[in-house]
Structures are given as C-alpha cells and as structure tokens.
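Reviewing the structure listed below.
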Amino acid sequence: MDTEFSGETICARGGWVPKFATQTSNPPIYMTTAFDVDGLEQLDDIASGRVAGYIYTRDSNPNHEAFAADVARLEGAEAAVACASGMGAMTAVLLAHVKTGDHVIAAKVLYGRTGQMLNQLQSQFGVEVTFVDALDPAAFGQAVTPRTKLAIVENISNPLMEVADIPALVAALGEVPLLVDSTFATPVLQRPIELGAKLVFHSASKYLNGHGDVMLGVVAGNYSAIRKVRQMMALFGMNSNPMECWLASRGLRTLPLRMARVSQTAQELANYLRTLPQVARVFYPSLPEHTTHAAATRLLPAGFGGMLSFELPGGRESVAKLFKALEEIPFSPTLADARTTVSYPTGTSHKFMSAAERASLGINDGLVRLSVGLEDLADLKRELQTALNVL
Ligand SMILES: Cc1ncc(COP(=O)(O)O)c(C=O)c1O
C-alpha cells in the first residue's frame, strides 16, 4: 500500500501502469531510457536474440523497430535502421562502410550537407571521394578503383529534380554497392533496391513523416549491411528518439495518398508556372524540356513527386521580392510538409558550395524551390500568380 512508503519513494517510483487485458488500438510511445530485465538469464537471451525484448533505447526501442520495419517492407529490403536525423543516418552508413584509405564515388548533385560531409571525411579522415555526374553511368564506372567501397546518388535530385538511371548506374558500378538517397522519391514512386541498389536512404524528416514536425533518418538494405549500420548508430549515439519514430510511423499511414496528391498538384503547377512571363524556366521531370524527362518517364511510372524548382530572371533580388509577396506560403528551409513551402537552394541546401560550383551544376541565384503541399490547386495557382505579379 502507498501508505507504507514515504513521499520521496512514491515520487521516485511512480508512473507505473499495471498490466491490463485490452491492447491499445495504436502503438504506445515507449518513452523509456531502458527496459527492466528479469534477471541475468533474460539479459543473455535478449542480447543474443534468442528472446524478443529490449534492453537500452540507444540500441533499440519498440517505436524504432516499428518504424524501421515498415520502411524495410515498403522498400522491399531485409532490414532498416533509423537514426536521429538524415545526416545521422548518413554518418552511420559511412562509418559502417568506409575507413581511412578507402574510396567513395558520389554524385556531384547531392544534398549540400551530404557533399560537405564527404569533403570532411576526405580532409579529416583520409577517405578519398570522387564526385561524378550521376547522369553519366559510364563516368561512374570509370571512377571505380580497387579501393572503392561505396557509391552515393540522390534520386530525384535536389534542386533540379534530375532522375538518374539507377539500373545503368548499378551495371556500371559492378561489385561496388550503390546507396540511393530516395528522400524526394519515397518508396511510393521508386524502390531502388528492386533496381539493384544495395542501400536506400531517407531523410525521414521529409515525406516519410510528412508533417514538418520530426527530425529522423533511415537506411534500408540487406541484413548484414544494416547490422553494421546499426552497430555504428548505437556505438556513436546516433539513435532516434521514440517520439520521433512514433510520429513518423503515423506519417507513413498516409504516405501513398500524400505522394499521389503532391505529384498531381506539382505537375499541374509546373505546367502552369512555365506559361507565366515572370518565370524563366521550370524544373520538373514531367516537362518535355527537362533534362531527364525520358529517364523519369521510364523509371517513375507512378508520378514525379511534389518538388519543383523555377528560375526568376532577376536573381536574388527577385527571389527576395517574391518571398515577401507570398503571404501564406512560407519560406521554410525544409520540404515535404503538409503545407506548401518555398526555399532558396543558394542560401540553404547548397549554401556550402562556392558560387562557381553551384553555377557548374546549374543552380543559379534566381532559383526558387517549391515543396508542393496538400492544399487546393486553384488556391496555390492564385497565390503564386498574385505574388509573381509584384516582379
Ligand atoms: C535529399 C536530402 N538528403 C538528406 C537530407 C538530410 O536530412 P536531415 O535534415 O533529416 O538530417 C536532406 C535534408 O534536407 C535532404 O533534403
């Protein structure tokens, strides 16, 4: 009875919910650092995998396992592991696959911070990195050396929405495993493992969660690759948080609906924006003039996603005016929220490149990136048109 204990003891040990006969209809959030273990024998059974159970949340947690298992199934992969952010997941993959003296091939167009991370690995840890045009599979093949341990490509790429030919890249790379950053495509539009990639990566902060309220990353692949990534995740403390995993699991419930909707709206907006005199160029794979229209049509039959970019002839000044005029569409340096947002690659995702590097990739100062949300198409057209009229 409570009266047997002092207030200090009740406070310190409280919060316990007794077992009850009915299951929760939705998974609870296991906000716990550790799990009470029923003796040393059980500890050994759980640690060796003989018995299902959990010990310490940095290693695993039911919410983590639920989210990772869903992503693995959606990607057609054997296993997956989630980390504290997309960058955390990329760190865990790189630590698992490369060491000093190894070689990595990376697409020239990558999320800016991923490129920056690879440069850091090169300068600080002596991992050699060769940046290659992802639209040129032969160049990927030519870059392979006996020391090459991993190749990385982003598909659909940020910010020009280019679609790489994954099967051709896999063929050119031979034995070298390919990791695809599939953040923009999601498993609804493309399943890279079925196309021969060994690993698929997501910033789950984006579409997998889909509501702009989570930081999370995930990598899927075969058991042995993911076991290594998981070891690095736990060892270097890049584990995800139960609450974030729970939110992202909930986000996944509507992923197919959201991807279908944003793909449809983005395609309509791309068609519309390219008719406007204030817009110099629109980048969206459905457009016949897009560099990778043919590959996209062949490789993304379910749609091209919710991301598009457009160029304003007036450069940074025009972008600043547009952002000010967009009253309800916020400038938010993320993507894949339920609401439409705009971003500025030169000042955010690709800020860490030199102006010359950006120019060589076709990212200029007038480029605006639009993350199309779930709003009504007519409302979005009207808002964009009204704002562009100030230019
Ligand atoms: C394509 C892509 N990859 C990786 C990342 C990094 O993910 P996070 O921000 O979750 O660390 C981002 C973030 O914007 C991204 O857009």
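FYI, it's all coordinate maths here, none of it is from the lab. These numbers come from a predicted model, not from an experiment. Quick reminder, even Gly has a Cβ in these numbers, built from the backbone with ideal geometry, and neighbours come from all protein chains shown.
Numbers below:
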item: Hull shadow area, averaged, the chain [alpha-carbon convex hull, nm²]; result: 23.5
item: Segment 104-135 and segment 43-97: distance between their alpha carbon centers, rounded to Å; result: 26
item: Percent breakdown of C-alpha pair distances by 5 Å bin, ordered from the shortest bin, for segment 161-285; result: 2, 9, 15, 17, 18, 15, 11, 7, 3, 1, 0
item: Residue exposure sequence - ILE226, ILE55 - by fewest surrounding Cβ within 10 Å; result: ILE55, ILE226
item: Lys/Arg +1, Asp/Glu -1 at C-beta; the chain dipole; positive extreme among GLY221, LEU173, ALA139; result: ALA139
item: Whether segment 1-157 is rounded, prolate or oblate, judged on the alpha carbon gyration tensor where a/c under 1.5 counts as rounded; result: prolate
item: The chain: calculated mean residue ellipticity at 222 nm from DSSP helix runs of at least 4, using -39500 (n - 2.57); result: -12000 deg cm²/dmol
item: DSSP bridge pairs, the chain: antiparallel proportion in percent, nearest 5; result: 55
item: In nm, spacing of pseudo-spin labels at THR32 and ARG50 (7 Å Cα→C-beta vector); result: 2.2
item: Where GluC sites (Glu not before Pro) fall in DSSP loop in segment 147-224, at most 14 other Cβ within 10 Å; result: GLU175
item: Long-range amide H partners of ILE55 with built H, under 5 Å; result: SER60
item: Contour excess over end-to-end distance, with Cα ends at GLN23 and ALA338 and 0.36 nm allotted per residue; result: 110.3 nm
item: Net length gained if the chain between ARG227 and GLU327 were fully extended (0.36 nm per residue, minus Cα distance); result: 31.3 nm
item: Separation of the ARG13 and ALA355 label points, Cα + 7 Å toward Cβ, nm; result: 6.8
item: Non-local Lys pairs in the chain, i.e. 8 or more apart or on different chains, that have alpha carbons under 27 Å apart; result: 22
item: Chymotrypsin sites (Phe, Trp or Tyr not before Pro) lying in DSSP loop within segment 14-76, provided at most 13 other Cβ fall within 10 Å; result: TRP16, PHE20
item: Segment 161-232: C-alpha gyration tensor shape, a/c 1.5 cut-off, then a/b vs b/c; result: oblate
item: Sparse-neighbour loop sites [trypsin sites (Lys or Arg not before Pro); segment 1-96; at most 12 other C-beta within 10 Å; DSSP]; result: LYS19, ARG50
item: Separation between Cα centres of segment 296-366 and segment 230-295, rounded to whole Å; result: 13
item: Cα gyration tensor shape of segment 274-391, rounded if a/c is under 1.5, else prolate or oblate by comparing a/b with b/c; result: rounded
item: Ascending count of other beta-carbon atoms within 10 Å, so fewest first, for LYS381, LYS198, LYS99; result: LYS99, LYS381, LYS198
